[in-house]
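Read the structure below first, then the notes.
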Amino acid sequence: MSDIAIFPGDKIAAIEEYEAGYNAFDDGDMVRAATVGKMDIDKDNRVANIKHPKMLSIPKAGDIIIGTVAAVMSSMIAVTIDYINGKPTTSKVECVCSTRNIRRKNIALVNDIVTLKIISHLNGTIHAAIDEPHLGVLFTKCRKCGNKVVPMRDAIKCIECAWIDERKLSTNFGNSEFVKLRE
Amino acid sequence: MGGRESELVLLDENGIRCDGRKVDEPRRIMIKAGGLKNADGSAYIEFGDNKILVGVFGPRDVHPKHMSNTDTGILRVRYHMEPFSVTERKNPAPSRREIEISKVIKEALEPAVMLDKFPRTAVDVFIEVLQADGGTRCAALSAASVALADAGIPMRDLVAACAAGKVADTVILDVNNEEDQAGQADMPIGYMPNLEKITLLQLDGVLTPEEYKKCVETGINGCKIVYDLQKKALHDKYFGNGGD
């Protein structure tokens, strides 16, 4: 990685040599920087990137997010993003997660805190996946009485009223307290 | 032609202006990137006696939702003058002039910012004029551009802005408040130096075609001076000792 400071609009390569990667764009002739940072040239794949020290509040494909379920629809859930790769974000952007292929009555309900993996940005929407063991519900409460719940395989049981509900639970369910996030 | 009658000598026989500058000399400019902890990006500019603070938030969720665009992110700019920024108290409610300058700055920044990667989101730019002395729109535009770069918003180029004008039949660089009030013409210019594109050009006054060309050239030269200072501000923050 070059130590030279790069500013938006600076020429970093010719389009014949390299493709524009992260934080770079081509103007039809040259590859130019789009942010302040340091040049990071990938000579194997012929891609010119710029490394910027700040992370934007929009997740990229492959990022793990934690968020609050905002809406539950017949074949997808909408989640408001609160953390990206463990770092808090205030942008409150939403992603959608398809639940069509999961054979379960409830995947997650509104106000549950879930962890998801971002798979793509498609048609102006951020798409996420929930079908891995570490993905799913991290924190929820009893939908009947609002008390604490304990996990039972792929369901939860209220410790007060013994109500049992289905969820797609994460392997990390119950490991963290999200009371503040819920407020 | 144009300007008001005034006792003030705007340009003396030696080519020295009312504040002691030469015709092609800008005012003292100081730009600092960062400084606001809670904003995603920020900048502070002192452009002569103008003092302006800019905060940038985003990309973030759009409220109300119907304002969002499914194809691209949107840029929202609020230019606001503090009640104490001018000699007589200014009503803090947005005036017609502030609404117009907000629009003008937004349209000057739009060719530079690349929001197509962030559909359904908004980038908010808040400009607070703490002290005004003529040429606030250029100073605000320059600072907003640094604040956007500080926030990490992808940009095609930084937008540097500087005004040129005409005083005593002479084309001058960086019009101050007295020259703006009593001069013959004022032309704020926003310019992307790497792409060599003008993003803002307004003209208040009357110029001949030759004067117009010279005014644009002078303004662009001023923008290049501002651009070097914008780069220095970002360099100091990210690669020097100016980090916050």
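The values are calculated or read from the model by the stated rules, or taken from the named source; none is laboratory data. Just so it is clear, the model here is predicted, and its values are computed rather than measured. All Cβ positions, even for glycine, are placed from backbone atoms using ideal geometry, and neighbour counts span all protein chains on display.
Taking the stated definitions as given, is residue B:228 assigned to a loop (DSSP other than H, G, I, E, B) and at pLDDT 95 or above? Break it down stepwise before answering.
Numbers: assigned to a loop (DSSP other than H, G, I, E, B): no; at pLDDT 95 or above: yes.
Criteria not met by residue B:228.
Mind listing whichever residues of the stretch A:152-171 are closer than 14 Å to residue A:112 by Cβ and outside any loop (DSSP other than H, G, I, E, B)?
A:155, A:156, A:165, A:166, A:169, listed by residue number.
Taking residue A:45 as meeting all but one of (1) over 21 Å from residue A:119 (Cα atoms); (2) within 12 Å of chain B (Cβ to nearest Cβ); (3) part of a loop (DSSP other than H, G, I, E, B), write down the number of the exception.
It fails just one condition, (2).
What number of residues within the stretch A:14-24 are assigned to a strand (DSSP E or B) and crowded, with 21+ Cβ neighbours inside 10 Å?
Residues of the stretch A:14-24 that are assigned to a strand (DSSP E or B), as a first pass: A:14, A:19-20, A:24.
Right, trim to crowded, with 21+ Cβ neighbours inside 10 Å and you get A:20, A:24.
Total meeting the criteria: 2.
Is there a residue in the stretch B:103-126 that is part of a helix (DSSP H, G or I) and in contact with a Phe, Trp or Tyr (Cβ under 7 Å, 6 or more places away or on another chain)? Break it down stepwise before answering.
Let us first name the residues in the stretch B:103-126 that are part of a helix (DSSP H, G or I), namely B:103-109.
Among the residues that remain, those that are also in contact with a Phe, Trp or Tyr (Cβ under 7 Å, 6 or more places away or on another chain) are: B:105.
Taking every residue of the stretch B:103-126 in turn, at least one turns out to be part of a helix (DSSP H, G or I) and in contact with a Phe, Trp or Tyr (Cβ under 7 Å, 6 or more places away or on another chain).
Considering B:164, B:140, which residue is buried (at least 24 other Cβ atoms within 10 Å of the Cβ), closer than 30 Å to residue A:58 by Cα and hydrophobic (A, V, I, L, M, F, W, C)? Please lay out each step first, then the result.
On the way: B:164 fails: closer than 30 Å to residue A:58 by Cα.
Unique residue meeting the criteria: B:140.
Take residue A:71 and decide whether it is loosely packed, with under 14 Cβ neighbours inside 10 Å, assigned to a strand (DSSP E or B) and of a type outside the set (S, T, N, Q). Let's see the steps before the verdict.
Details: loosely packed, with under 14 Cβ neighbours inside 10 Å: yes; assigned to a strand (DSSP E or B): yes; of a type outside the set (S, T, N, Q): yes.
Yes, satisfied.
Residue check, residue B:198 against (1) crowded, with 24+ Cβ neighbours inside 10 Å; (2) free of Cβ contacts under 8 Å to residues at least 40 places away in the same chain, all met but one. Which one?
(1)
Working only within the stretch B:219-244, note down all residues that are buried (at least 22 other Cβ atoms within 10 Å of the Cβ) and among the β-branched types (Val, Ile, Thr).
Correct list: B:226 only.
Residues checked against (1) closer than 30 Å to residue B:214 by Cβ; (2) among the acidic types (Asp, Glu):
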residue: B:116; (1), (2): no, yes
residue: B:119; (1), (2): no, no
residue: B:139; (1), (2): yes, no
residue: B:160; (1), (2): yes, no
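If you go through the stretch A:80-117 one residue at a time, how many are more than 14 Å from every other protein chain (Cβ to nearest Cβ) and either touching a strand residue (DSSP E or B) at 6+ places or on another chain (Cβ under 8 Å) or loosely packed, with under 13 Cβ neighbours inside 10 Å (or both)?
First, the residues of the stretch A:80-117 that are more than 14 Å from every other protein chain (Cβ to nearest Cβ): A:83, A:85-86, A:97-117.
Now restrict to residues that are either touching a strand residue (DSSP E or B) at 6+ places or on another chain (Cβ under 8 Å) or loosely packed, with under 13 Cβ neighbours inside 10 Å (or both): A:83, A:85-86, A:97-101, A:103-117.
Going through the stretch A:80-117 one residue at a time, the tally reaches 23.
Take the residues of the stretch B:109-132 that are surrounded by fewer than 19 Cβ atoms within 10 Å (Cβ to Cβ) and away from every other protein chain (no Cβ under 14 Å): which is farthest from residue A:126 (Cα to Cα)? Full working, then the answer.
Initial filter on the stretch B:109-132 (surrounded by fewer than 19 Cβ atoms within 10 Å (Cβ to Cβ)): B:110-111, B:114, B:116-117, B:124, B:128, B:130-131.
Now drop any that are not away from every other protein chain (no Cβ under 14 Å), which leaves B:110, B:128, B:130-131.
Numbers: B:110: 24, B:128: 33, B:130: 39, B:131: 42 Å.
Ranking the qualifying residues of the stretch B:109-132, first place goes to B:131.
Is there a residue in the stretch A:69-76 that is more than 30 Å from residue B:239 (Cα to Cα) and touching a residue at least 40 places away in the same chain (Cβ under 8 Å)? Even if it seems obvious, please write down each step before you answer.
First, the residues of the stretch A:69-76 that are more than 30 Å from residue B:239 (Cα to Cα): A:69-76.
From the residues that got through so far, the ones that are touching a residue at least 40 places away in the same chain (Cβ under 8 Å) too are A:69-70.
Yes, there is a match, as at least one residue in the stretch A:69-76 is more than 30 Å from residue B:239 (Cα to Cα) and touching a residue at least 40 places away in the same chain (Cβ under 8 Å).
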